[in-house]
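Enquirer: Pasting a structure below so you can have a look.
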Amino acid sequence: MKAVVAERYGGPEVLAIVDRPDPEVGPRDVLIAVKAASLNPLDFKIREGKVKLVLKLKPPIALGCDVAGVVERVGAEVTKFRPGDEVFARLEKDRMGGLAERVAATEQVVARKPARASFEEAAAIPLAGLTALQALREAAGLTPGQRVLIHAGAGGVGSLAIQIAKVLGLHVTTTTSTKNIDLVKQLGADAIVDYTKHEPLPDGLDAVFDTLGAASELASLGAVKRGGIVVGVGGLPDGAFAKARLPGFARPVIWLATGKRRRAANRAGARFAYLFMRPDGEQLAELASWIDDGRLKPLVHRSYPLAESRQAFAELERGRARGKIIVTI
Ligand SMILES: NC(=O)c1ccc[n+]([C@@H]2O[C@H](COP(=O)([O-])OP(=O)(O)OC[C@H]3O[C@@H](n4cnc5c(N)ncnc54)[C@H](OP(=O)(O)O)[C@@H]3O)[C@@H](O)[C@H]2O)c1
C-alpha cells in the first residue's frame, strides 16, 4: 500500500510516498481503509525530530495521526465494529501512519463517523477536537457559565475549541487576526481580541487555553483570576509531565527552562498545566454526537490528494490555516 513517510529527520524534502506492507491486525484491532487524513503540527514536529524525547520513533517514520475511513477487517476480539462501518480515529502514538491507504488501530481509539460529516470533515476532528475537549473539561475543569480565553481561534485546535466551549456552556473570548474576526464570530466567540492590533487580553478569567507557547503562556497567566488556570499545549511541558513522560536527564532542563512560567503563576496565584492529549474513542463518539446534532461543525481549510502531501505540509507550516488541512486517499 502507498504511505507517506519521513525518510529521515528534516524539512518537507524528507517526505516520500513509498510502498509499505499492510499493517498487522491484532485481535483487538480494526483495519481501516483510509479515505481522508488530517495534518497536525505534531506531524511536522515528528518529521523534524522535535518530539523525539516524548515519541520514540526512528526514521523512516510513517506520518499522520488522524484518519476517517471504512472498516475493512476486524480482529477476533473486536466487539464494537464490523467491516463496512464508517469510522474515524486519533491513532495511538506508536501506531501512527494515517497518511496511507490502510491503518490499524485498537477499537478503543475508534468511533463511528458522524453521519452528517464527510470523510474529510470527520478526519478534521480527532486530535484537535480531543485536545480541546480534554483541555477545557478535564485539565481546566470548566463548568457552565465560566469565562475562558481560547488562543488562535481560527486554527485547527482553536476553531473546534470555540465550538466545544460553547457546547460546554462557557463564555468564550478568542484571539485572532483581523481577517478572521467574522469567522471566529460565526464559530461562536462571544468576545474577540485582535492580536494584530495589539489589543489587550481581558483579565479575571477562569481559564486560558493556550496553543501558542512560551510568551503567550506568560501573558495568559496575567489574564486569569486568582485560583484560575492556564492550560498549555503548544509550549514546554510542566514538571508533572516531565516526570511521567520524559527521560531523567531532560527533567532539570525543563525545570530551568520553565522557571519564568512558574514564577508568573505564583505571582498570579494561578496554576499552569501542560496537556499532551490522549486518543479516546468514547470522547470521539461524544464529539461525533455533537456534529450530528448540529452543535459542532468541522472547519476544513483545504484538501490535497495524497500525491500532494508535501504541498499540504507546506500549507500547514505557513501557520495561517483556517481550520484543518486534509489529505484525501
Ligand atoms: N500538546 C498537545 O496534545 C497538542 C495537541 C494539539 C495541538 N498542539 C499544539 O498546538 C499548536 C496549535 O495547533 P493547531 O493545529 O491549532 O495549529 P494551526 O491550525 O496550524 O494554527 C494556525 C492558526 O494559528 C493562528 N495564529 C497564529 N499566530 C497567532 C497569534 N499570535 N494569535 C492568535 N492566533 C494566531 C492563525 O490565525 P491567524 O492567521 O488569524 O493568525 C491560524 O489560524 C501547535 O503547536 C500544536 O503542536 C498540541
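The values are calculated or read from the model by the stated rules, or taken from the named source; none is laboratory data. None of these values were measured; they are calculated from a predicted model. Note that we place each Cβ from the backbone using ideal geometry, even for glycine, and neighbour counts take in every protein chain shown.
Enquirer: Restricted to region 216-253, and to residues that are within 11 Å of the ligand (Cβ to nearest atom) and touching a Gly at 6+ places or on another chain (Cβ under 7 Å), which residue is nearest to V193 (Cα to Cα)?
Expert: G234
Enquirer: Condition (residue is surrounded by fewer than 14 Cβ atoms within 10 Å (Cβ to Cβ) and assigned by TED's automatic domain parsing to the domain that holds G204) applied to region 268-285: is it met by at least one residue? Walk me through it before giving the result.
Expert: So in region 268-285, the residues surrounded by fewer than 14 Cβ atoms within 10 Å (Cβ to Cβ) come out as 269, 282.
Keeping just the survivors that are assigned by TED's automatic domain parsing to the domain that holds G204 gives 269.
Yes, because at least one residue in region 268-285 is surrounded by fewer than 14 Cβ atoms within 10 Å (Cβ to Cβ) and assigned by TED's automatic domain parsing to the domain that holds G204.
Enquirer: Another question, then. In region 14-117, which strands (runs of 3 or more DSSP E) lie fully inside it and hold 1 or more residues that are among the hydroxyl-bearing types (S, T, Y), outside the structural domain of L236 (by TED's automatic domain parsing) and at pLDDT 95 or above? Even if it seems obvious, please write down each step before you answer.
Expert: Numbers: elements: 15-19, 29-38, 66-74, 86-90, 102-106, 110-112.
Passing ranges, in order: 29-38, 102-106.
Enquirer: Considering region 148-165 alone, what residues qualify as being more than 17 Å from G234 (Cβ to Cβ) and either touching a residue at least 60 places away in the same chain (Cβ under 8 Å) or within 8 Å of the ligand (Cβ to nearest atom) (or both)?
Expert: Passing the criteria: Q163, I164.
Enquirer: Looking at the structure I just gave you, is D194 surrounded by fewer than 16 Cβ atoms within 10 Å (Cβ to Cβ), touching a Lys or Arg at 6+ places or on another chain (Cβ under 8 Å) and of a type in the set (D, E)?
Expert: So D194 does not fit the description; no.
Enquirer: In addition: Within region 296-329, how many residues are more than 13 Å from the ligand (Cβ to nearest atom) and under 14 Å from the mean Cα position of the chain (by Cα)?
Expert: Residues that pass the stated criteria total 0.
Enquirer: Specify which of the listed residues (G188, G145) is surrounded by 14 or more Cβ atoms within 10 Å (Cβ to Cβ) and more than 21 Å from E217 (Cβ to Cβ).
Expert: None of the other options fit; the residue is G188.
Enquirer: When only residues in region 277-295 that are out of contact with any Lys or Arg (no Cβ under 9 Å at 6 or more places or on another chain) and of a type in the set (A, V, I, L, M, F, W, C) count, which is nearest to the ligand (Cβ to nearest atom)?
Expert: Restricting to residues being out of contact with any Lys or Arg (no Cβ under 9 Å at 6 or more places or on another chain) and of a type in the set (A, V, I, L, M, F, W, C), the top hit is L287.
Enquirer: Which members of region 118-127 meet the condition of being within 12 Å of the ligand (Cβ to nearest atom) and either out of contact with any Asp or Glu (no Cβ under 8 Å at 6 or more places or on another chain) or farther than 16 Å from D280 by Cβ (or both)?
Expert: The answer is A124, and nothing else.
Enquirer: Now, a different point. Hey, among A100, A123, which residue is touching a residue at least 40 places away in the same chain (Cβ under 8 Å), closer than 25 Å to D210 by Cα and buried (at least 23 other Cβ atoms within 10 Å of the Cβ)?
Expert: Sole residue among the options that is touching a residue at least 40 places away in the same chain (Cβ under 8 Å), closer than 25 Å to D210 by Cα and buried (at least 23 other Cβ atoms within 10 Å of the Cβ): A123.
Enquirer: Being closer than 25 Å to D43 by Cβ and in contact with a helix residue (DSSP H, G or I) (Cβ under 9 Å, 6 or more places away or on another chain): is that true of T196 here?
Expert: For T196, the condition - closer than 25 Å to D43 by Cβ and in contact with a helix residue (DSSP H, G or I) (Cβ under 9 Å, 6 or more places away or on another chain) - is not met.
Enquirer: Could you tell me which residue of region 73-97 is nearest to V5 (Cα to Cα), considering only residues that are of a type in the set (G, A, S) and touching a residue at least 60 places away in the same chain (Cβ under 8 Å)?
Expert: G97
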